[in-house]
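The values are calculated or read from the model by the stated rules, or taken from the named source; none is laboratory data. Values in this document were obtained by computation on a predicted structure and should not be read as measured data. Reconstructed Cβ throughout: ideal geometry from the backbone, glycine too, with neighbour counts over all protein chains shown. Surface areas here come from the heavy atoms of the whole protein model, side chains and all, with no ligands, DNA or RNA. Shrake-Rupley method; radii C 1.70, N 1.55, O 1.52, S 1.80 Å.
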Amino acid sequence: MAKVKYYYDSENLAYRKIKTKKRRKFGFIALFLVASALFGFISFVVLLNTPYFKTPKDLIQAREIENLKLNYAVLNKKMDQLSTVLSAIEDRDNNLYRTYFNTAAIPEEERKSGFDKMDRYAALEGYNNTQLVLNTTKKVDGLSKELAIQSKSLDYILKLAKEKNKLLSAIPAIQPVKNENLKRMASGFGYRTDPFTKARKMHEGMDFTANTGTPIYASGDGVVARADNTASGYGNHIVIRHGYGYETLYAHLSKYNCRAGQKIKRGDIIGYIGSTGRSEGPHLHYEVHKDGKVVNPLNFYYGNISAVEYVAISQQANQENQSLD
């Protein structure tokens, strides 16, 4: 039973019963309900933003973040493996390929140098997982730059290899007359007796004796500089410019199988043995020039004869006998 409250009426000197108005009573109740609802709402919002209360959306986002972290870890591991493989390629590039082609190695600081722009990664700052994303991005950029440098280096090595192939093809590396067609190695490079004056003088080539009409082969790739008989003493002769400072001369031919300006490949038949010009009999006088100086042709016969054949020709060529021209 509710308590009855009284107040003292001083005018009438008596206690009177307090009567509460219904409107006021309902106002108090409404105010209480509004305050309770507001308090409950604020409490709910606070709970939502605490780490102890997870919504389904929060749980899904957390799971996605963990998956992303795992993917980043796997990506970093793969990049470490790629970096190891790339380092091995770089090592071969510097210490094998560039050494073989006699060119300077790429410095380590050039391969591993970073990027100049300091604000390159500014957009990645300020996030919960900034360090993870930042480190991975830097590693990707580093690998990309190293791969670009290595790709350019391999392109350069390929260019050098093609040039090397051209050089190897240009070197006068084969004997201009096949061994099966030879009668003998008549005379070699060095001081020999002149067949006409009988004086001892420098013989600047090698003399190969064979029957008239025996094929003569180009000893290296090149371009025919001349095919005529205007030079004194050589009779019908051919000069081939091979490039890289190499030039060869083939003298005393019976006839030509090429013309001036023609491109020649090693092993092409360029003419035939004869005895034109200042000659004692059918033979080929063969000379090799390097950078304008005559050199011993014997030093270049590694393309079409065996070691035993080379030794035999060397012994014959080194005999101080009489030359044929």
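Protection proxy ranking for 83-95, 208-220, 28-40, using the average of other Cβ atoms within 10 Å per residue and placing the highest first: 208-220, 83-95, 28-40. Tally Lys and Arg at +1 and Asp and Glu at -1 over the other residues with C-beta under 11 Å from the C-beta of residue 226: what net charge comes out? Net charge in that neighbourhood comes out at 0.
For region 153-280, the carbon plus sulfur part of the accessible surface works out to 49%, probe radius 1.4 Å. With the highest mean first, a sort of the peptides 221-229, 129-137 on other beta-carbon atoms found within 10 angstrom per residue produces 221-229, 129-137.
At a Förster distance of 22 Å, what's the computed FRET efficiency of residue 91 paired with residue 147, Cβ-Cβ distance as r, to 0.05? Display every interim value, and only then the final one.
Working: r = 15 Å, r/R0 = 0.69.
The calculated FRET efficiency here is 0.90.
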